[in-house]
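Trainee: This is the structure, below, for whatever I ask next.
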Amino acid sequence: MNWRQRVPLVVAGLAGLASLIGLLFAPALAHWLLGWVTFLAAVALLLGIANLLAVHGGRVVRGNVYSAVLLAGMAAVFGLAVTDALGLTVGGVAAVFQAVQAPLEAALAALLAFLLVFAAMRRLRRRRDWNAYLFLFTVLFLLTASLPLPAAWLEEARAVVQGVVVTAGVRGLLIGIALGTITISLRLLIGAERPYSKQGSDQP
Amino acid sequence: MTTVICPNCQKENPAGSRFCNNCGARLPAGGTTLAPDVPGWLQAAEQADVPNEGDDLAWMEDLELTGLGSPPVQPALDSQSAPPVAAVVVSPASPADLPNWLVELTPRGTGLAAPAESSTTAGQPTPTPAARPDTSPEQPLAAADLPDWVADLAPLEAATTTSLAGVNFLLNALTPANDLPDWLTTLEVKGLDLDGVLAEVTAAPIPPALPTGDGAKAADQTATMEVETEEWETPEWVQQLKPGAEASPTITVAERPIDIEPVIVAPHEPTQRPSFRATLEQEQQAALLRRVAEAAESPPAPERIPSLAFSPRMRLVLGVLLLAAAGMGLWRPVANLGLSGLTQSGRPPAAQAAQAAFLAAQGRPVLVAFDYTPALAGELDSLVEPVLAELETNSSPVVAISQYAAGLPVAGRWLDTAAAFLPGEAVGLRALAACLGTGEPCAPPLGQVWDTEQQQLWGQVALVVIFTGDRDSLVNWIEQVGAAGRVPLVMGVTQALAPVATPYLSSGRLVGLIEGLPAATAFQEEQAARSSPAAAILESQVWLNGLVIFLLLASNFYYLMKREP
């Protein structure tokens with residue numbers, strides 16, 4: 001391991017230890033580190049914007065219309081933010097958010113319902129095993145139980161399933177996630193896991 | 001440039017090659033002739049300044065030297081007579097293979113015995129080098145017995161003192177470097193290591209067939225010539241052969257020896273890569289593998305069942321059905337399921353606990369976290385609306401915060417005051433939890449500018465309500481803020497996230513939970529004075545759920561019926 005690999009390793013390990021110590025014992029240290037993280041994130045955002053401009057600027061030169069629309073949108077929102085700050089406009093950015101971003105995100109999220117429906121329909125076509133039947137039964141049960149139907153037994157059954165089966169499963173998942181988080185944290189601290197370098201990990 | 005003929009493909013290869021460049025076959029060691037290893041300047045001399053073309057240096061090639069040529073070259077010395085004595089054994093060739101002058105030397109007792117003659121002397125004591133002191137190279141030879149070009153050589157001025165000068169020269173060329181002129185010592189010819197050749201010649205074991213004592217058996221096979229090396233000044237004519245700048249490319253004059261691979265220096269003729277030829281064994285193995293592959297059972301072809309969802313027309317129909325179901329729920333005058341009556345039966349227990357927490361925080365500040373993006377606004381906005389209305393009813397001032405940048409404008413739709421952005425996820429929440437509910441003024445999060453009143457307001461927060469559809473956000477709030485235990489937490493989550501939040505509710509980390517549209521509808525229905533948009537969305541959801549249930553049942557029933565026995 002040469003110095004190019006050791007320096008990031010040492011920096012990452014020290015930063016991780018400092019974060020851990022700050023989180024547990026020294027809130028002031030954590031606050032100070034958080035300031036640096038926020039600053040670096042802001043710089044990274046600026047770099048991302050510059051990269052976006054460079055990439056799509058080159059595409060605009062080559063005649064890409066979509067890139068031109070993207071850059072025009074960026075310029076428009078940035079202009080609205082400037083005019084809002086100067087007091088020339090009121091709520092310009094908020095209006096764009098409400099009229100453009102919110103409907104688009106909601107529409108994309110709604111498409112997920114169609115995807116799930118088609119996937120569920122094709123489940124038994126691809127493979128018919130007990131997992132497929134379990135999946136089908138579970139989906140049908142939860143969908144039915146979520147309906148506000150005048151059937152007390154259905155509501156009770158749903159409470160049992162959610163309070164016992166689902167809760168047990170989720171608790172198991174949470175415990176597993178916690179153990180995995182601890183493991184990954186330790187590996188990061190000791191340098192066995194290096195997502196910030198090309199080598200990545202000691203494991204194959 | 002002398003080449004080596006490949007015995008396999010008859011292709012010419014550069015001298016010194018061990019393997020054929022064409023077919024890769026191993027070239028015989030004896031295939032390397034003397035010529036390529038002879039210095040280029042010597043070859044040039046051979047071709048240029050030989051007085052008689054008929055008696056050129058070709059006779060030297062008949063003297064096959066160990067290390068330079070074929071195996072028949074054998075040292076004819078016993079170990080006692082090693083340096084400075086060197087000897088060359090002429091292979092037992094027929095008289096026709098020897099130059100005439102060399103054959104004629106034999107009867108004069110020069111130590112060179114014609115094979116034909118030596119074969120007739122079988123049984124007689126072999127004239128070993130030690131037993132034949134008269135075979136000294138100093139013994140003069142008759143000028144007539146030498147080839148003309150040898151006799152005409154400049155150093156041999158007096159014919160009466162003519163010795164085996166040509167042989168002497170050759171052997172001197174094989175002596176250690178300290179016996180060579182300076183310009184020769186700076187020459188390093190690959191393949192002609194003078195010291196190595198001499199050492200090999202002198203140190204090689206003598207075969208039993210050669211004369212060691214009496215040498216009677218070897219006398220009929222070999223004719224030996226022993227020449228004692230001596231201090232010999234390089235003749236002038238050799239000096240004239242000193243290579244110049246335009247010398248043979250196999251020789252480089254430099255300050256220090258430079259190894260030059262003759263094969264590299266030699267002009268390389270591109271050879272065609274030979275095509276691969278499988279051996280009989282390889283062909284048999286390939287045939288066996290082919291047979292095994294054909295005999296192996298191929299995996300059964302997947303069962304092809306006509307798909308209901310693959311057809312574009314069917315997809316279009318399904319999409320229209322789903323949209324119609326959603327629209328029927330939203331367009332209540334057309335299809336009103338009357339769910340209001342169903343939800344008025346009461347809030348879910350978790351929602352009732354949340355309502356109790358709202359009442360407990362009556363009149364005190366409540367922190368509301370908008371940890372969701374517009375993608376989930378369709379569901380979570382239905383929860384926010386009744387909760388904010390209830391907090392307003394309880395006269396609880398609201399302070400807003402979000403861990404997401406996109407959550408700030410979401411909060412801006414509900415509040416007049418801007419929400420605070422909280423970076424740092426778990427670390428940021430941990431820092432926030434240090435001051436919440438302590439009664440002391442809170443330091444503003446990074447990037448925020450709070451006046452004293454705001455700082456005191458945050459320090460007096462009595463309840464935290466989090467709206468989120470993200471598991472990480474839920475877990476971070478509970479583990480970092482809820483674990484501090486100073487401020488109770490109430491969660492408003494999507495129905496998809498409800499299973500994750502339920503365990504925390506049962507463990508007491510959460511004091512209340514509002515799960516999706518049914519709970520929101522119940523909240524709104526209880527607030528009689530308000531409209532209930534959540535009920536419309538809930539009806540739309542019910543229609544959609546019903547349609548999805550029907551589609552799943554119908555499609556899977558279709559696939560089950562299509563199943564082949």
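Trainee: For the stretch A:75-96, how many residues meet the condition of being out of contact with any Gly (no Cβ under 8 Å at 6 or more places or on another chain) and closer than 16 Å to B:Ala406 by Cβ?
Mentor: Selection size over the stretch A:75-96: 4.
Trainee: Identify the single condition in (1) away from chain A (no Cβ under 11 Å); (2) over 58 Å from the mean Cα position of the chain (by Cα); (3) surrounded by 23 or more Cβ atoms within 10 Å (Cβ to Cβ) that B:Glu539 does not satisfy, given that it satisfies every other one.
Mentor: (1)
Trainee: Those residues that are closer than 30 Å to B:Asp416 by Cβ, touching a Ser or Thr at 6+ places or on another chain (Cβ under 7 Å) and among the hydrophobic types (A, V, I, L, M, F, W, C), I need them from the stretch A:48-98; list them, please.
Mentor: Of everything in the stretch A:48-98, just one residue is closer than 30 Å to B:Asp416 by Cβ, touching a Ser or Thr at 6+ places or on another chain (Cβ under 7 Å) and among the hydrophobic types (A, V, I, L, M, F, W, C), namely A:Leu80.
Trainee: Of the residues B:Ser396, B:Ser473, which single one is of a type in the set (Ser, Thr, Tyr) and more than 55 Å from the chain's Cα centre (by Cα)?
Mentor: Values: B:Ser473 fails: more than 55 Å from the chain's Cα centre (by Cα).
That would be B:Ser396, the only listed residue that is of a type in the set (Ser, Thr, Tyr) and more than 55 Å from the chain's Cα centre (by Cα).
Trainee: Taking A:Ala99 as meeting all but one of (1) exposed (fewer than 12 other Cβ atoms within 10 Å of the Cβ); (2) touching a residue at least 12 places away in the same chain (Cβ under 8 Å), write down the number of the exception.
Mentor: Result: A:Ala99 passes all but (2).
Trainee: Only residues in the stretch A:136-158 that are closer than 16 Å to B:Thr521 by Cβ and facing another protein chain (nearest Cβ under 10 Å) count as the first member; pair them with residues that are hydroxyl-bearing (Ser, Thr, Tyr) and surrounded by 16 or more Cβ atoms within 10 Å (Cβ to Cβ), Cβ under 7 angstrom, at least 6 apart or cross-chain, and list the lot.
Mentor: If the second residue must be hydroxyl-bearing (Ser, Thr, Tyr) and surrounded by 16 or more Cβ atoms within 10 Å (Cβ to Cβ), the pairs left are A:Pro148/B:Thr343.
Trainee: A further question on this structure: Would you check if A:Arg171 is within 9 Å of another protein chain (Cβ to nearest Cβ), without any contact (Cβ under 8 Å) to a residue 24 or more places away in the chain and of a type in the set (Lys, Arg)?
Mentor: Working: within 9 Å of another protein chain (Cβ to nearest Cβ): yes; without any contact (Cβ under 8 Å) to a residue 24 or more places away in the chain: yes; of a type in the set (Lys, Arg): yes.
Spelling it out, A:Arg171 is indeed within 9 Å of another protein chain (Cβ to nearest Cβ), without any contact (Cβ under 8 Å) to a residue 24 or more places away in the chain and of a type in the set (Lys, Arg).
Trainee: Between a first residue in the stretch B:502-518 that is facing chain A (nearest Cβ under 8 Å) and part of a loop (DSSP other than H, G, I, E, B) and a second residue that is modelled with pLDDT of 85 or more and surrounded by fewer than 22 Cβ atoms within 10 Å (Cβ to Cβ), which pairs have beta carbons less than 8 Å apart while being 6 or more apart in sequence or on different chains?
Mentor: Once the first residue is facing chain A (nearest Cβ under 8 Å) and part of a loop (DSSP other than H, G, I, E, B) and sits in the stretch B:502-518, no partner that is modelled with pLDDT of 85 or more and surrounded by fewer than 22 Cβ atoms within 10 Å (Cβ to Cβ) comes close enough.
Trainee: Helices (runs of 4 or more DSSP H) wholly in the stretch B:411-489 with at least 1 residues that are within 12 Å of chain A (Cβ to nearest Cβ) - which ones?
Mentor: Numbers: elements: B:425-433, B:452-459, B:471-476.
Result: B:425-433, B:471-476.
Trainee: Just give me the residues in the stretch A:70-95 being of a type outside the set (A, V, I, L, M, F, W, C) and in contact with a helix residue (DSSP H, G or I) (Cβ under 8 Å, 6 or more places away or on another chain), in sequence order. Steps first, answer last, please.
Mentor: Filtering the stretch A:70-95 for residues of a type outside the set (A, V, I, L, M, F, W, C) gives A:73, A:79, A:83-84, A:87, A:89, A:91-92.
Of everything in the stretch A:70-95, those that are of a type outside the set (A, V, I, L, M, F, W, C) and in contact with a helix residue (DSSP H, G or I) (Cβ under 8 Å, 6 or more places away or on another chain) turn out to be A:Thr83, A:Asp84, A:Thr89, A:Gly91, A:Gly92.
This table checks each residue for (1) assigned to a helix (DSSP H, G or I); (2) hydrophobic (A, V, I, L, M, F, W, C); (3) in contact with a helix residue (DSSP H, G or I) (Cβ under 8 Å, 6 or more places away or on another chain).
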site: A:Phe97; (1), (2), (3): yes, yes, yes
site: A:Val100; (1), (2), (3): yes, yes, no
site: A:Ala106; (1), (2), (3): yes, yes, yes
site: A:Leu112; (1), (2), (3): yes, yes, no
site: A:Leu115; (1), (2), (3): yes, yes, no
site: A:Ala120; (1), (2), (3): yes, yes, yes
site: A:Leu134; (1), (2), (3): yes, yes, no
site: A:Thr138; (1), (2), (3): yes, no, no
site: A:Thr144; (1), (2), (3): yes, no, yes
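Trainee: Condition first: in a loop (DSSP other than H, G, I, E, B) and either more than 22 Å from B:Gln495 (Cβ to Cβ) or among the polar types (S, T, N, Q) (or both). Now tell me which residues in the stretch B:382-410 satisfy that. Steps first, please.
Mentor: Taking the stretch B:382-410 first, the residues in a loop (DSSP other than H, G, I, E, B) are B:394-397, B:403-406.
Once the filter is applied, which keeps residues that are in a loop (DSSP other than H, G, I, E, B) and either more than 22 Å from B:Gln495 (Cβ to Cβ) or among the polar types (S, T, N, Q) (or both), the stretch B:382-410 yields B:Asn394, B:Ser395, B:Ser396, B:Pro397, B:Gln403, B:Ala405.
Trainee: Select, from B:Ala496, B:Ala528, B:Ala520, the only residue that is closer than 21 Å to B:Ala389 by Cβ and modelled with pLDDT of 80 or more. Full working, then the answer.
Mentor: Numbers: B:Ala496 fails: closer than 21 Å to B:Ala389 by Cβ; B:Ala528 fails: modelled with pLDDT of 80 or more.
The conditions single out B:Ala520.
Trainee: Could you list all residues from the stretch B:344-381 that are more than 14 Å from every other protein chain (Cβ to nearest Cβ), farther than 20 Å from B:Tyr504 by Cβ and assigned to a helix (DSSP H, G or I)? First the steps, then the outcome.
Mentor: Residues of the stretch B:344-381 that are more than 14 Å from every other protein chain (Cβ to nearest Cβ), as a first pass: B:352-369, B:371.
After this cut, where a residue has to be farther than 20 Å from B:Tyr504 by Cβ as well, the list is B:359, B:362-365.
B:Leu359, the sole residue that qualifies.
Trainee: Can you confirm whether the stretch A:124-146 contains a residue that is under 30 Å from B:Ala406 (Cβ atoms) and of a type in the set (Val, Ile, Thr)? Spell out how you get there, then give the answer.
Mentor: At the first step, the residues of the stretch A:124-146 found to be under 30 Å from B:Ala406 (Cβ atoms) are A:142-143, A:146.
Then drop every residue that is not of a type in the set (Val, Ile, Thr), which leaves none.
Scanning the stretch A:124-146 turns up no residue that is under 30 Å from B:Ala406 (Cβ atoms) and of a type in the set (Val, Ile, Thr).
The values are calculated or read from the model by the stated rules, or taken from the named source; none is laboratory data. Note that the coordinates shown come from a computational prediction; the quantities given were computed from them, not determined experimentally. Note that each Cβ is placed from the backbone with ideal geometry, even for glycine, and that neighbours are counted across all protein chains shown.
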